[in-house]
Amino acid sequence: MSKMYRYIFIVFAVFGLSSCKIVKNIVNKSEDKQHENAVVADTTKSTAPIEEEELLLDQSLIIDSIDNEFTAVTIVDSLVLEPAEDTLSIVQQILNDTVAFAKVFKNKYHTNEIITEDTRMLKGAALIEQLDKLTQVNFYNKYTFETNPEKLNRYGYFPEEKPVFSDSIYELRIAILNLHTPIDLVYNEHVKGFINVYANKKKKQTARMLGLKEIYFPIFEQVLDKYDMPLELKYLSVVESALNPTAGSRAGAKGLWQFMYNTGKRYGLKSNSLVDDRFDPYKATEAAVRHLRDLYKIYQDWELALAAYNSGPGNVNRAIRRAGGVKNYWAIWPFLPRETRGYVPAFIAVNYIFNYNIEHNIYPVNPGILADGIDSVTVRDVLSFDQISEFMGIDKEDLSFLNPSYKHGIIPATNDNNYILRLPREKVGYYLDHENELYNFKSSKGIEKEKLLVQIKKAKERTIHIVRRGQVLGQIAKMYRTSVRKLKDWNGLRNSRIYPGQKLVVFMGSGGSTAYKREKKSVSLQKGKYHIVQRGEVLGQIAQNYGMTVRALKSINGLHSNRINPGQKLLVQTSRNKHKHEKHKKGPYLFGKYKYHVIHSGDTLWDLSRKYNASVSQIKKWNKITNSYRLKLGEKIIVGEQG
């Protein structure tokens, strides 16, 4: 190959620029952001000042720099071909365009200067944890996981070689990507740290993700296009879950898009003991895109919307206030939670590495099936993966890979409540032809329709348990026949600390229904009677109505303060005090040597002295009352001595 053809090849591979129009777009975009960058510079502190200088190149310098950067390219000089005149003119035009681009491009870094990557946000980062978990994920099992770099390795890299580029090259490539998206992609020390993670430290996981994107990115792009959202948002799932559909976080987030239970429920994702929509790539993607759209409506800024997706709008709003009201991610960066400070840099790094993986000697691992090789069918009756696997000859692991939302391999479908099953496209016809036979098929494990129906009946929708005084997680877990770990996962608990009145989500699985009934029965023996708090009521008034003291009312309800809310249920009569309540509610309480009276609305010491044949001074003496003392509703005071 001649040198002239070599230059054509390299120029196309590195820059991908064939027109001066791109130069004009860069100039316009850089001018629009010049003012905004000035504001960010005032509010953001960097570890080292970065100077800017223009990269002025002539044609010879461009050729030299290309030779230096890509020394691994094999050139065969023995083959000499004379280019035609029209070919020379095309080459000349490409070189002219490249020179123009280089002259306009603002290079923040000196030729021999290397910025230090920021690795502080990598320690304990959730995305590192998700990348590590990716090595344990089973791919679709029909094919091998071998890669064939011979066709992709156009730079002649050695198998284990990890190319390193100058900061100017990184910034140039990200600037090119920035031309094609409304999301602001920049290069700095924070982004560099995450590029190093994906390109070097987690190179094998990156190769697996490059394979998985062939399954999931078409789904993401279709939904993003439906809502007219930037297609680059598809990379967010890589940061969230490393494209692992069954990923879970320590905080309880689940799935490709890492939805917490309540956020998922708000966007229509249902969860029970058998099915969790957060693991469904299609439903979760629809919910995630709608959530991102709502966040963008709040901030009108994609970087802030991404930050809010990670940490919630509350943290972003606080950071904006602390930054003086500036609505810019890099301006509020120092005031964001630690995890969120690395979120947008990781997103930019993923954008970069997924577009320049070949330049970093990273090649996709074949996941065994592509998006267009998967099709869906409707399930109208209960099915298990055991039945489907044996009847249709599909590995159970493959069924789980394609249908991660069915947590226990059971599809609880009925005629009135259909579910979707995803299969390899070549198996769909067989399913449709033998659907009714499949419903009646008994697997070798004996999982029949009746047994499945029993399991489905036990898998109730979630219930809410209200923590009572003295209860601990272990006791509650035992009550519902589940584990402490599951309770913590369901409720996003980081430790076992709970408090009276706290509401816990509980999914009643095997035996849960019986446990709930047993708990409900024991409560009914204790409580006897409830009072529903009405607007304007206070504890003293309620205690008076039921002939109780405020202290007693608080004690049997596990209350630590006098604060109550409308609609709250208060236990006002137990099996222990029922008889006593009926006996004494209209008269004084008798205890020890004294008679007691519970203060009602309108009571005065004069009225009590006449009612119980005691003087006002005696009542004051018994209760150590001063002249300035005011009677309190629900209070129990001594009104006489027992005869």
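The values are calculated or read from the model by the stated rules, or taken from the named source; none is laboratory data. All of these numbers come straight from a predicted model, not from anything done at the bench. As a convention, Cβ positions derive from the backbone with ideal geometry for all residues, glycine included, and neighbour counts pool all protein chains shown. With ligands, DNA and RNA removed, areas are computed over all heavy atoms of the protein, side chains included. Shrake-Rupley method; radii C 1.70, N 1.55, O 1.52, S 1.80 Å.
The set of residues from the range 354-378 being surrounded by 21 or more Cβ atoms within 10 Å (Cβ to Cβ) and in a strand (DSSP E or B) is empty. For the range 379-424: of the residues being among the aromatic types (Phe, Trp, Tyr) and in a helix (DSSP H, G or I), which is most open to solvent (accessible area, probe 1.4 Å)? Taking the candidates together, the pick is 391. I'd like the residue in the range 324-344 that is open to solvent by less than 40 Å² (accessible area, probe 1.4 Å) and part of a helix (DSSP H, G or I) and, out of all such residues, is nearest to residue 311 (Cα to Cα). Among those residues, the one meeting the criterion is 340. In the range 592-600, is there at least one residue being open to solvent by 80 Å² or more (accessible area, probe 1.4 Å) and either under 16 Å from residue 634 (Cα atoms) or at pLDDT below 55 (or both)? Scanning the range 592-600, I find no residue that is open to solvent by 80 Å² or more (accessible area, probe 1.4 Å) and either under 16 Å from residue 634 (Cα atoms) or at pLDDT below 55 (or both), so the answer is no.
Within the set 216, 187, the sole residue that is over 22 Å from the mean Cα position of the chain (by Cα), crowded, with 20+ Cβ neighbours inside 10 Å and touching a residue at least 40 places away in the same chain (Cβ under 8 Å) turns out to be 187.
For the range 294-323, a residue qualifies if it is open to solvent by 20 Å² or more (accessible area, probe 1.4 Å) and over 22 Å from residue 256 (Cα atoms), and the qualifying residues are 297, 298, 300, 301, 314, 315, 317, 318, 321, 322. Those residues that are closer than 18 Å to residue 274 by Cβ and modelled with pLDDT under 80, I need them from the range 491-515; list them, please. Scanning the range 491-515 gives 507, 508, 509, 510, 511, 512, 513.
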